[in-house]
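Asker: A single structure is presented below for examination.
The values are calculated or read from the model by the stated rules, or taken from the named source; none is laboratory data. All values derive from a computational prediction rather than experimental measurement. Cβ atoms come from the backbone with ideal geometry, glycine included; neighbour counts cover every protein chain shown. When the accessible area is computed, the model is the full protein with side chains, heavy atoms only, and any ligands, DNA or RNA have been set aside. Shrake-Rupley method; radii C 1.70, N 1.55, O 1.52, S 1.80 Å.
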Amino acid sequence: EAIKDCDEAIKLNPEEPLAFINRSYAKDNLGKYEEAIEDCDEAIKLNPEDPDAFINRSKLKVSLGKNEEAIKDCDEAIKLNPEEPMAFINRSYAKNSLGKNEEAIKDCDEAIKLNPEEPMAFINRASAKINLGKNEEAIKDCDEAIKLNPEDPDAFINRGLAKYSLGKSEEAIKD
């Protein structure tokens, strides 16, 4: 339905980048990452000053394992709007995937400064800390993420992993 609505909006006004961005979100939800990237490309062509298309494209590229490209998109989004926490969050995820854990933590720190209510920044930071063996700190980040969004399974998964790494198997199983 959403894709059809966006298709119709694009037919009516093919110069509207928001229709392409919205369609990319819908395609992302369906796992059509390459097609979603094409929509982001079109949105960027129509409005290269809009950080949202770069942010969404970075998320899609991470989903495809194109982490270096995702980082470049995040860098561009940050250049366009340095106050946008999702650009830092997405970049942290890409950096974490590349084993650049300390850099990922710095990006999460910046995202938390910009929006301390965003649980994904705490989850990503916890993941990077787990990779560095900082499991107690990771548990605190997961606790904060759970406080902010008790419905997010990633916070529980990361907290369980951190607890397991500390030899707290029974507590980890509960998560």
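Asker: Among rounded, prolate and oblate, which fits the stretch 127-175 when a ≥ b ≥ c are the square roots of the eigenvalues of its C-alpha gyration tensor, a/c under 1.5 means rounded, and a/b larger than b/c means prolate? Please report the intermediate quantities before stating the final value.
Answerer: Values: a/c = 2.10, a/b = 1.24, b/c = 1.69.
It comes out oblate by the Cα gyration axes.
Asker: For the stretch 27-42 and the stretch 71-112, what is the separation of their Cα centres, given in Å?
Answerer: 21 Å
Asker: Measuring with a 1.4 Å probe in the full set of protein chains, what accessible area per residue, in whole Å², belongs to the stretch 105-175?
Answerer: On the way: 3840 Å² over 71 residues.
Spelled out: the 1.4 Å probe surface of the stretch 105-175, per residue, equals 54 Å².
Asker: Is the stretch 1-97 best put as rounded, prolate or oblate by its Cα gyration tensor, with a ≥ b ≥ c the root eigenvalues, rounded for a/c under 1.5, and otherwise prolate when a/b is larger than b/c, oblate when not?
Answerer: Working: a/c = 2.44, a/b = 1.50, b/c = 1.63.
The shape class here is oblate.
Asker: Still on this structure: How large is log10 of I(q)/I(0) for the stretch 68-175 at q = 0.14 Å⁻¹ when the intensity is taken from the Debye formula with one equal scatterer per alpha-carbon?
Answerer: Once normalised to I(0) and log-transformed, intensities are -0.51.
Asker: Using the basic label-point model (7 angstrom from Cα toward the beta carbon), what is the L18 to K113 distance in nanometres?
Answerer: Taking the two extended label points, one gets 3.1 nm.
Asker: Calculate the length of the line joining the C-alpha centroid of the stretch 113-175 to that of the stretch 52-68, in whole Å.
Answerer: 23 Å
Asker: Something else about it: Just the number, please: carbon plus sulfur as a percent of the accessible area of the chain, 1.4 Å probe, no ligands or DNA/RNA counted.
Answerer: On the way: 4480 of 9260 Å².
Accessible surface attributable to carbon and sulfur in the chain totals 48 percent.
Asker: Next question, about the same structure. Kirkwood hydrodynamic radius, the stretch 1-42, all distinct C-alpha pairs: what's the number in Å? Intermediate results must be reported in sequence, preceding the final value.
Answerer: Working: mean 1/r = 0.1022 Å⁻¹.
Final number for the Kirkwood radius of the stretch 1-42 is 9.8 Å.
Asker: Compute the distance in nm between two label points, each set 7 Å from the Cα along the Cα-to-Cβ direction, one at D41 and one at L166.
Answerer: 4.7 nm
Asker: Kindly express, to the nearest 10 degrees and within the range 0 to 90, the angle between helix 67-80's C-alpha long axis and the longest C-alpha principal axis of the chain.
Answerer: 70 degrees
Asker: For the chain, what relative contact order do you get, as a whole percent, if you take Cα pairs closer than 8 Å and at least 6 residues apart? Display every interim value, and only then the final one.
Answerer: On the way: 266 pairs, mean separation 19.5, N = 175.
Once normalised by length, the contact order is 11 percent.
Asker: With each run of n ≥ 4 DSSP H residues scored as -39500 (n - 2.57), what mean residue ellipticity at 222 nm is computed for the chain after dividing by its residue count and rounding to the nearest 500 deg cm²/dmol? Provide the component values of the computation, followed by the final result.
Answerer: Details: 11 runs with 138 residues, N = 175.
So the calculated ellipticity at 222 nm is -25000 deg cm²/dmol.
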